[in-house]
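The values are calculated or read from the model by the stated rules, or taken from the named source; none is laboratory data. All of these numbers come straight from a predicted model, not from anything done at the bench. Reconstructed Cβ throughout: ideal geometry from the backbone, glycine too, with neighbour counts over all protein chains shown. These accessible areas exclude ligands, DNA and RNA; they are computed on the full protein's heavy atoms, side chains included. Shrake-Rupley method; radii C 1.70, N 1.55, O 1.52, S 1.80 Å.
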Amino acid sequence: MITTDYVSTFSGNRFYPLEPRIDRVAIEDIAHGLAYQCRFNGQTREFYSVAQHSLVVAQLVPPPLRMAALLHDAAEAYLGDMVKPLKVLLPAFALLEERVTGIIAATFAIDFSDYAPIKRADLIALATEKRDLMPHSVERWAYLDDIAALPDVIVPMTPGQAKHSFLEAFAQLSALRR
């Protein structure tokens, strides 16, 4: 019998990266994983989580797209947040991320087909994060040329606050979908 290595999640579920499947997709695992991962590979002036980033993106899209926006980076709870230059170099990783995203989408009945507004919101969040959290990153990021940052300055949450806010947003959006 061949066994596949797995990654244990916060709640004790298992994620199998070599044969992408998840014992049980659990929102707490996603919230926890994203809340304890720092954006930009930790190269920020202070800790800023993927969960908080997801909350920002969800607030920037129309209400029908908010659940998809909240979960747009959910695969990172299982795979980690890989920086863009590495993703470009590792196309197999992008395929794995797409497959895990599909598992999550199926679990929560999320439709990512209308992704353009989420991508735009993601870029607005990125421009704001670059301005507020990466003061020494003064080089031009060409894909942000036509993107205006938000007027308010980001105040990073602790991982516990980000997890709580993420779960609260998920519960509110779930209630609206019923």
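Just name the residue that is farthest from Trp141 (Cα to Cα) out of those in the stretch 26-42 that are crowded, with 16+ Cβ neighbours inside 10 Å and among the small types (Gly, Ala, Ser). Taking the candidates together, the pick is Ala26. Within the set Pro63, Pro91, Pro85, the sole residue that is within 22 Å of Tyr115 (Cβ to Cβ), exposed (fewer than 14 other Cβ atoms within 10 Å of the Cβ) and modelled with pLDDT of 95 or more turns out to be Pro63. Quick one: would you say Ala149 is touching a helix residue (DSSP H, G or I) at 6+ places or on another chain (Cβ under 9 Å), over 15 Å from Leu70 (Cα atoms) and open to solvent by 30 Å² or more (accessible area, probe 1.4 Å)? Yes: the conditions hold for Ala149.
Restricted to the stretch 1-25, and to residues that are open to solvent by less than 30 Å² (accessible area, probe 1.4 Å) and out of contact with any Phe, Trp or Tyr (no Cβ under 8 Å at 6 or more places or on another chain), which residue is nearest to Leu96 (Cα to Cα)? If you could, list the steps in order and put the result at the bottom.
Filtering the stretch 1-25 down to residues open to solvent by less than 30 Å² (accessible area, probe 1.4 Å) leaves 4, 9, 13, 15-16, 20, 22, 25.
Restricting the remaining residues to those that are out of contact with any Phe, Trp or Tyr (no Cβ under 8 Å at 6 or more places or on another chain) gives 13, 20.
Working: Asn13: 19, Pro20: 7 Å.
Of everything passing the filter in the stretch 1-25, Pro20 is nearest to Leu96 (Cα to Cα).
The single condition among (1) within 15 Å of Ile30 (Cα to Cα); (2) under 16 Å from the mean Cα position of the chain (by Cα); (3) open to solvent by 60 Å² or more (accessible area, probe 1.4 Å); (4) not acidic (Asp, Glu) that Arg120 does not satisfy is (1).
Scan (1) within 21 Å of Leu65 (Cβ to Cβ); (2) touching a residue at least 12 places away in the same chain (Cβ under 8 Å); (3) assigned to a helix (DSSP H, G or I); (4) of a type in the set (Gly, Ala, Ser) for the single condition Ala175 breaks and write down its number. For Ala175, the failing item is (2). Considering the stretch 16-111, the qualifying helices (runs of 4 or more DSSP H), each wholly inside and each with 1 or more residues that are in contact (Cβ under 8 Å) with a residue 40 or more places away in the chain and closer than 16 Å to Thr158 by Cα, run over 27-35, 50-59.
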